[in-house]
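In what follows, a structure is listed as structure tokens, so that the remarks can point back to it.
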Amino acid sequence: MLHIDIIANASTSNTTNNTCADESRSVHIPIIFMTIGVLSNGVALVILVKAYKRFRQKWRASFLLFASGLVCTDCLGHIITGSITIRVYAMNKNWARIDSSGHLCPFLGTSMVFFGLSALFLGSVMAIERCLGITQPLFHSAKVTSRRAMFILGGTWLFALVIALLPVLHFGKYTVQCTQTWCFLNTKDIKFGVDSGILLLFSSLGLTALSISFLCNTISGMALMRSHIKNKLNRQGKSHHVEMLVQLMTIMLVSCVCWGPFLVSVATIGSLNASPEAITSLLFSVRMAAWNQILDPWIYILLRKSVLKKIWKITNMCIGRQNIRLHNWNCSSLQSTIKSAAMESSLTAVKRQPEISRIN
């Protein structure tokens, strides 16, 4: 989401009118978080672009395109929300000076909702794409082209933008939250109607995206286990499927841990069952959601096939195993390739024998 409330504090007071701590923080902290986020996403984007150029398989291109879109979304979110946060802290959270025109707060709120929903939506889209690629490979190969993937990516961003712009069009409103460090949908003194409806819409869309990701990743995992037992997939294709599924499962877990508490807190406030404790938990959960954009790129940096191979090899060396299955796995793949090539050459020789006999 953003770095803003990584550094915001929630008060432990039980009073209703003072649920946020008013503690000044250095402007260097948001600068550090923004720098880490931008650099992490930049490295992940370079890795994904190199992977796209190296592996141009049709079935992998769509996944890499969606993953690149997710990383670009996170990186842009860091730059936009981070720069505003730095300005807020540099001006001592004085919103009368920061936003004298009254346009910065709606822009910040729109950015938060857009980048937050985009990340959740893209996570579910990637899970659906991999589920189709594993369970319906022929349909995926025929229908999920790079052009259609780009269209789906643009449609996902557009849908998230439409939801984010609803408060600007007077379906709800963006307000400065009690820590004076960020803007979001109105959570104070809301009544049943537009304000509660937009909160419930935001939380329900986010929770639905997480549920779809969980369902699709579960189906994909079960399909890979069945194919492993029946040996339906070739080993190289299976290894790429496993690599992408591991990345998707990790993305899903990170999203659930980071976004789950925030979405549940927003749903609680939108259902008019909010309490001072719910407001305090919202502030804490926003800080957790802010870590999602920082952790996402490291999934692509660390959970790559080459890195996993090295980790597996080092682990086997540490526990004293000399025969590493990974090496045997690669050798068996090479042997199967040699065997298939030999069979093809023998079949070609058999077909040529009748033609030679006719000539003679």
Failed criterion for Leu48 (all others in (1) touching a Leu at 6+ places or on another chain (Cβ under 7 Å); (2) within 30 Å of Asn186 (Cβ to Cβ); (3) in contact (Cβ under 8 Å) with a residue 24 or more places away in the chain hold): (2)
Of the criteria (1) under 25 Å from the mean Cα position of the chain (by Cα); (2) surrounded by fewer than 22 Cβ atoms within 10 Å (Cβ to Cβ); (3) under 21 Å from Leu120 (Cα atoms), which one Gly197 fails: (1)
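Looking only at the range 163-194, filter to residues that are aliphatic (A, V, I, L, M) and more than 22 Å from Ser255 (Cα to Cα); which one of those is farthest from the chain's Cα centre (by Cα)?
Ile190
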Mind counting the residues in the range 175-195 that are modelled with pLDDT of 90 or more and within 17 Å of Ala267 (Cβ to Cβ)? 2
Looking for something modelled with pLDDT under 85 and either not assigned by TED's automatic domain parsing to the domain that holds Phe139 or not small (Gly, Ala, Ser) (or both) - is there at least one such residue anywhere in the range 64-84? yes
Is at least one residue of the range 318-340 surrounded by fewer than 17 Cβ atoms within 10 Å (Cβ to Cβ) and at pLDDT 70 or above? yes
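Given the condition buried (at least 23 other Cβ atoms within 10 Å of the Cβ) and under 30 Å from Val194 (Cβ atoms), answer yes or no: does some residue in the range 85-93 qualify? Let's see the steps before the verdict.
Residues of the range 85-93 buried (at least 23 other Cβ atoms within 10 Å of the Cβ): 85, 88.
In the following step, the residues that additionally are under 30 Å from Val194 (Cβ atoms) were identified as 85, 88.
There is at least one residue in the range 85-93 that is buried (at least 23 other Cβ atoms within 10 Å of the Cβ) and under 30 Å from Val194 (Cβ atoms).
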Residue check, Leu138 against (1) exposed (fewer than 14 other Cβ atoms within 10 Å of the Cβ); (2) of a type in the set (A, V, I, L, M, F, W, C); (3) touching a Leu at 6+ places or on another chain (Cβ under 9 Å), all met but one. Which one? (3)
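The values are calculated or read from the model by the stated rules, or taken from the named source; none is laboratory data. Nothing here was measured: the structure is a model prediction, and the numbers come from that model. Reconstructed Cβ throughout: ideal geometry from the backbone, glycine too, with neighbour counts over all protein chains shown.
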